[in-house]
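> The structure that follows is given in the form of structure tokens.
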Amino acid sequence: MLANETGDQVGGGGNPTASETPATSNIQSPLPQAGDTTGEVDGQSAAASRPGEDGSGLFLSGHPILEFQPAVDLLSGKLLGFEALLRWAHPTEGLIPPSLLIPWAEANGDIVPLGSWVLAKACEEAQKWPSSMQIGVNCSIVQFRQGGIAALLTKTLNTTGLNPDRLTVEVTEHTLSEESIAHELKALRTIGAHLAIDDVGTSWSSLESLRRHQIDIVKVDRNFVSGLEARQGINRSIVEAVVNLSHSIGMNTVAEGVETPRQVAVLRDLGADAAQGFFFARPMTAEAATALAIETPVRRFSLDGQSDRQSDGETGGI
């Protein structure tokens, strides 16, 4: 789990290589030109619409990639780790964002093999980083409904060698509301992984759900962060309430979609623990994330927007 400078715990590419190949699915692409197997994506030939070639197990032209977005401590600017973000590189459509890919994969029953690939690749990349660097991975509610996610997590951690304490599984508020998957959430905690609620504020869960599932991290939805420019307003009140409530019951907060110095300043005033967004860095390739993670001393990002990102005791950008 991401830890801030005070030791508190704080809560999405590169060219993929085949990991454990999940079970294949006989699906059709949702894209008009998905049968086109020609073209180049990121300098790499696109995979044909057949399973196993890219390790994803999907019949979809192209291949999945992971990008990594830094999470930054709002007290010091220190790099805490990364969130793994899924995209699909299609030879004619370009990068298909998760907002399109994930609902389609869920509807077609292919989120399970795709989610397995994401977890394996994210843990594999994180193992290349220093032990202080954390990794966050999103898991769909459909994966939990299918069952076996705790077993998959155990197998992945054993295969990659990643310490479970470095992994945060990010779930939606709706996932907490389903009693049938409570045992899976409990099993993740038993393994030693951490839990974060993603996009908080859009359908705020009950306090009982947060307490019962031992949530570590609350991630404030970007839609509320974007409205923090105004000195007054409902967005600021909501973010302040989420931060205060989270802290009062032992959870820390990560703000998503941070893009301006003003948003950073307000979040710091409100006591948010960490943040991620374009203000600090755009999602980056696996190679770029590793280069950033292994910097010595640990990278510190500017919190005022007046200078480039910094390393401990040093000024200047990369």
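The values are calculated or read from the model by the stated rules, or taken from the named source; none is laboratory data. Remember, it's a predicted structure, so these values are computed and weren't measured experimentally. All Cβ positions, glycine included, derive from the backbone under ideal geometry; neighbour counts span all protein chains shown. Just so you know, the surface numbers come from the protein's heavy atoms only, side chains and all, with ligands and any DNA or RNA stripped out. Shrake-Rupley method; radii C 1.70, N 1.55, O 1.52, S 1.80 Å.
Matching residues to (1) modelled with pLDDT of 95 or more; (2) open to solvent by less than 30 Å² (accessible area, probe 1.4 Å); (3) in contact with a helix residue (DSSP H, G or I) (Cβ under 6 Å, 6 or more places away or on another chain); (4) not hydrophobic (A, V, I, L, M, F, W, C):
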{"residue": "Val239", "(1), (2), (3), (4)": "no, yes, yes, no"}
{"residue": "Asn252", "(1), (2), (3), (4)": "no, yes, no, yes"}
{"residue": "Val264", "(1), (2), (3), (4)": "yes, yes, no, no"}
{"residue": "Ala281", "(1), (2), (3), (4)": "yes, yes, no, no"}
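> Can you name the number of the only condition in (1) out of contact with any Gly (no Cβ under 6 Å at 6 or more places or on another chain); (2) closer than 21 Å to Thr172 by Cα that Leu80 fails?
All conditions pass for Leu80, except number (2).
> While we're looking at this one, here's another question. Tell me, which helices (runs of 4 or more DSSP H) lie completely within region 216-312 with 2 or more residues that are more than 23 Å from Glu173 (Cβ to Cβ) and not hydrophobic (A, V, I, L, M, F, W, C)?
Working: elements: 222-225, 234-248, 261-270, 286-293.
By residue number, 261-270, 286-293.
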